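Engineer: Input: one structure, supplied below.
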Amino acid sequence: MSCHHDAMPANCRQYQVNRRHLLRAAGAHALGLPLVQLLMTRSADAAEDLLPLNRFPRMVQEFFVDQLRAAEQRGLEAKARLKTKKDAERYVKSIQAKIRRSFGPEPERTPLDARITGVVDRDVYTIEKVIFNSRPGFPVTANFYLPKDRKSPVPGVVGTCGHSNNGKASEAYQSFAQGLARLGYACLIYDPIGQGERLQYVKDDLSPRFRPGVTEHLIAGNQQFLVGEFLGMWRAWDGIRALDYLLTRPEVDKAHIGVTGNSGGGTMTTWLCGVEQRWTMAAPSCFVSTFRRNLENELPQDTEQCPPKAVAFGLDHDDFLAAMAPKPVIILAKERDYFDARGSEETLRRLKRLYGLLGAEENVSLFIGPTYHGYSQENREAMYRWFNGATKISDATTEPEIVIEKDETLWCTPKGQVAELGAKTVFTFTQAKSKQLAASRGKIEGEALRRAITDVLKLPPREGVPDYRILRYLRSRQYPLPHAIAYAVETEPAIQALVYRLSSERWYSRPPRGGKRAVLYVAHMSSDVELRDEPLVREVIESEPETPLFTCDVRGIGESQPDTCGINSFLQPYGSDFFYAMHSLMLDRPYVGQKTHDILRVLDWLAAIGHNDVHLVAKGWGALAATFAAVLSDQVRQVTLKNALTSYRDITESEDYAWPLSTILPNVLSRFDLPDCYQSLKPKKLRQIEPWGAMADKA
């Protein structure tokens with residue numbers, strides 16, 4: 001987790017209009033003007049004065065809260081059924097297997113090619129500057145803190161860093177590594193991907209193209225999902241290979257090997273407990289809570305902090321720590337952290353019971369420091385005491401005096417970046433895998449394509465006709481036709497797709513029956529805005545003047561655009577659209593799949609009122625879900641797509657791209673790509689208008 005939020009620039013007029021309207025509304029509220037008064041006093045002639053329609057702003061949030069509460073309850077019930085030591089041992093084995101399924105298989109263990117590029121000599125310890133390869137051509141920069149005057153091998157610790165621009169050189173992370181060395185431990189602390197000396201996106205002068213940390217993690221990590229990779233596993237693999245290197249050192253006592261880190265490093269410590277069983281002790285700081293608490297508290301996190309399918313598998317933070325039970329683990333938290341200490345306490349209670357069944361209840365503990373987020377001295381000292389209790393190497397209870405080094409002193413590379421060494425980047429691996437998948441997957445069409453779409457999108461079965469609400473009459477919205485009415489179609493419990501019906505006459509009740517033909521326009525961002533601003537809508541009306549026109553806001557846009565994760569956060573990299581897309585992946589229900597399901601249910605609803613010949617029209621983000629729905633539905637007889645994505649390959653094989661996580665399908669490129677869908681839609685008179693490439697611009 002990081003406090004850094006970069007604004008994502010709008011790439012179309014709809015974004016800009018929505019954002020301007022939201023800002024205007026927020027400003028009006030700040031002046032004390034109620035929305036009703038603003039709506040009553042605005043000019044009916046000026047579209048710029050129309051406030052956006054958003055009658056379901058909490059729908060998506062509460063839907064996901066219900067999903068995570070249900071998942072958490074199932075997990076608690078499973079834990080409650082554990083009664084014996086054998087039950088607990090089987091449970092530990094089962095969650096180790098689930099974590100491996102979530103993170104994916106380990107890559108090949110290739111040679112580390114470790115080298116020491118320099119040594120810093122200090123009073124009671126040395127700092128070796130180490131570079132090793134976690135993958136071929138993918139160097140990891142690390143500092144190895146080693147105490148002097150050793151009489152025997154000493155306990156070793158792998159240190160993982162949080163979201164610091166300078167990685168291992170950050171003051172808090174230098175402090176714990178140096179503190180451990182002064183107390184008699186060897187500590188290997190390494191730079192995370194996208195931080196310190198391992199920036200993935202640099203200019204010719206080695207300066208960052210994007211903000212290190214969060215932004216780099218999102219750009220590299222979101223893209224990886226398309227080829228079936230998870231940045232969390234890449235990050236964890238660096239930690240596993242750091243452990244491999246640590247165990248090659250004769251100065252290290254292999255019977256005592258720990259792992260610790262804070263914030264994003266607390267995440268990695270937690271994940272490493274789950275995917276690697278060689279640790280003998282662990283101390284994650286400022287991360288461990290519960291998935292439900294983070295969601296309810298509207299706390300976005302990086303790509304690597306949200307393991308795919310984890311919630312669907314019944315995993316929670318405590319399970320990653322339980323994977324190394326009954327070895328010693330201390331949870332380090334903060335009273336004033338944005339990671340909820342209540343979740344830390346809940347995690348402790350769950351682990352205490354499991355460890356108790358294993359006869360080692362004393363091997364799990366919790367320390368809550370009084371201050372804010374960070375690996376501050378009181379938390380570091382709690383870690384020292386815990387590791388000392390496990391290793392008996394020292395009886396110190398306080399931190400020795402620390403001397404902070406300059407960043408350059410700790411550099412392993414000549415100019416502070418592995419890019420100058422010709423290092424591969426995460427993107428180069430993603431690009432290569434995309435090309436390999438394209439060469440191997442072969443042609444797919446017909447029923448095989450439909451099965452693949454249903455499987456990859458995780459589409460649920462559909463039964464019956466959706467119920468719906470008839471909402472208030474839409475007046476003076478300056479749409480192409482003079483009258484409109486809105487229907488909230490229930491696509492699944494607690495989820496409504498907002499459907500507008502435009503007509504030349506007043507209509508207040510259920511939609512009229514009769515007439516097989518209908519046009520359904522699926523919005524990019526907002527039906528309300530696009531009915532005024534999108535030329536394609538007017539073109540369709542003019543080309544089919546006798547055909548009824550319906551529009552659709554699928555979940556999470558337009559009338560159900562979430563108002564969570566901060567004011568006007570929707571389009572930010574850490575905003576609400578990303579937030580629910582990420583939770584969708586943890587639930588193993590891709591957001592695109594949920595939106596496709598909404599369209600299919602709206603089509604079911606249209607069929608119930610007689611419309612079995614549908615011209616499906618869609619734009620931008622909406623064109624993705626509309627494409628999949630059109631392939632699957634025999635009811636769709638004609639398809640028009642504007643600004644549809646050219647291919648998912650264009651994203652995976654472009655270092656820069658502008659499509660958000662909410663449009664990404666995990667591992668889709670192992671099965672099919674969008675051109676396969678477009679080919680299958682040719683018999684439905686597919687028309688493509690101004691397709692968008694990776695940068696969501698004209699192809």
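Engineer: How would you rank 188-195, 603-610, 574-581, highest first, on the average number of other Cβ atoms within 10 Å across their residues? Walk me through the numbers on the way to the answer.
Structural biologist: Values: 188-195: 27.2, 603-610: 18.4, 574-581: 24.9.
Result, highest mean first: 188-195, 574-581, 603-610.
Engineer: Give the relative contact order (percent, whole number) for the chain; include only Cα pairs under 8 Å separated by 6+ residues.
Structural biologist: Working: 1408 pairs, mean separation 107.8, N = 699.
So the answer I get is 15 percent.
Engineer: Under a Cβ-only charge scheme (Lys and Arg +1, Asp and Glu -1), can you give me the dipole magnitude of region 83-186 about the Cα centre, in debye to the nearest 20?
Structural biologist: Details: 18 positive and 10 negative charges, 136 e Å.
For region 83-186, the charge dipole is close to 660 debye.
Engineer: Hey, another quick one. Considering only I99, G159, P400, whose Cα is most displaced toward the positive end of the charge dipole of region 85-433, charges sitting on Cβ of Lys, Arg (+1) and Asp, Glu (-1)?
Structural biologist: The listed residue farthest towards the positive side: I99.
Engineer: By a straight-distance test (C-alpha under 19 Å), which lysines pair with K682 as possible cross-link partners, with residues fewer than eight away in the same chain excluded?
Structural biologist: List returned: K443, K619, K642.
Engineer: Right, next: Only bridges whose two residues both fall in region 77-156 count here: according to DSSP, what percent of them are antiparallel, nearest 5? List each step's numbers first, then the result.
Structural biologist: Details: 16 of 16 bridges.
Taking every DSSP beta bridge with both residues in region 77-156, the antiparallel ones total about 100 percent.
Engineer: Please work out the C-alpha center-to-center distance from region 220-247 to region 589-655 and express it in whole Å.
Structural biologist: When both Cα centres are located, 33 Å separates them.
Engineer: Moving to a separate point now. Work out Dmax and Rg for region 443-689 from the C-alpha atoms and quote the Rg first, both in angstrom.
Structural biologist: Over region 443-689's Cα set, Rg and Dmax evaluate to 17.2, 51 Å.
Engineer: Can you tell me the Rg and the Dmax, both Å, for the Cα atoms in region 40-199?
Structural biologist: Final numbers for Rg and Dmax: 25.7, 85 Å.
Engineer: Could you derive backbone 3J(HN,Hα) for region 105-122 from the dihedral phi with the Karplus parameters 6.51, -1.76 and 1.60 (θ = phi - 60°), listing whole Hz in sequence and x where the residue is Gly or Pro?
Structural biologist: So the Karplus estimates, Gly and Pro as x, are x, 5, x, 4, 7, 8, x, 6, 6, 6, 9, 9, 9, x, 9, 9, 9, 10 Hz.
Engineer: Antiparallel versus total DSSP beta bridges in the chain: what percent is that, nearest 5?
Structural biologist: Details: 41 of 85 bridges.
Percentage antiparallel, nearest 5: 50.
Engineer: Compute, for the chain, the length of the dipole vector about the Cα centre, with Cβ point charges of +1 (Lys, Arg) and -1 (Asp, Glu) only. Units Debye, rounded to 20.
Structural biologist: Details: 89 positive and 85 negative charges, 342 e Å.
In debye, rounded to 20, the chain gives about 1640.
Engineer: Mind jotting down the three principal axis lengths of region 85-433 based on Cα atoms? Whole angstrom, largest first.
Structural biologist: Here the spans come out as 54, 51, 37 Å, largest first.
Engineer: A further question on this structure: Nearest 20 debye, what's the magnitude of the dipole of region 443-689 about its Cα centre given +1 on Lys and Arg Cβ and -1 on Asp and Glu Cβ?
Structural biologist: Numbers: 30 positive and 31 negative charges, 148 e Å.
Charge dipole, region 443-689, about its Cα centre: 700 debye, nearest 20.
Engineer: Have a look at S476, C565, P511 and report the one farthest towards the positive end of the charge dipole of region 441-589, computed about the Cα centre with Cβ charges (Lys/Arg +1, Asp/Glu -1).
Structural biologist: The one lying farthest along the dipole's positive direction is P511.
Engineer: From the C-alpha gyration tensor of the chain, pull out the three semi-axes of the equivalent ellipsoid (sqrt of 5λ each), sorted largest to smallest, in whole Å.
Structural biologist: Details: eigenvalues 502, 131, 116 Å².
Whole-Å semi-axes of the equivalent ellipsoid: 50, 26, 24.
Engineer: Identify, among F387, G369, V311, the residue whose Cα sits farthest towards the positive end of the charge dipole of region 302-422, taking +1 on the Cβ of Lys and Arg and -1 on the Cβ of Asp and Glu, with the dipole about the Cα centre.
Structural biologist: V311
Engineer: Now for a separate question. Counting only DSSP beta bridges with both residues in region 443-689, what percent are antiparallel, rounded to the nearest 5? Intermediate results must be reported in sequence, preceding the final value.
Structural biologist: Details: 19 of 38 bridges.
Restricted to region 443-689, the bridges split so that about 50 percent are antiparallel.
Engineer: Right, something else. Measure nothing but the geometry: give the 0 to 90° angle between the long axis through the Cα atoms of 341-357 and the longest principal axis through the Cα atoms of the chain, rounded to 10°.
Structural biologist: 60 degrees
Engineer: For the pairs K86/K334; K79/K309; K85/K392; K148/K424, flag any whose C-alpha to C-alpha distance is greater than 30 Å.
Structural biologist: On the way: K86/K334 34 Å; K79/K309 19 Å; K85/K392 28 Å; K148/K424 35 Å.
Beyond 30 Å: K86/K334; K148/K424.
Engineer: Over 28 Å between C-alpha atoms is what I'm after, so list which of K129/K433; K168/K203; K93/K595; K458/K516 land there.
Structural biologist: Details: K129/K433 32 Å; K168/K203 22 Å; K93/K595 36 Å; K458/K516 30 Å.
The pairs that break the limit, which is 28 Å between Cα atoms, are K129/K433; K93/K595; K458/K516.
Engineer: Also, quick follow-up: What whole number of Å gives the distance from the Cα centroid of region 341-381 to the Cα centroid of region 175-195?
Structural biologist: For region 175-195 versus region 341-381, the Cα centre distance is 22 Å.
All of the numbers you see were taken from the coordinates with simple rules; none came from a lab. Model, not experiment: these values are computed from the prediction. Note: ideal-geometry Cβ built from the backbone for every residue, glycine included; neighbour counts use all protein chains shown.
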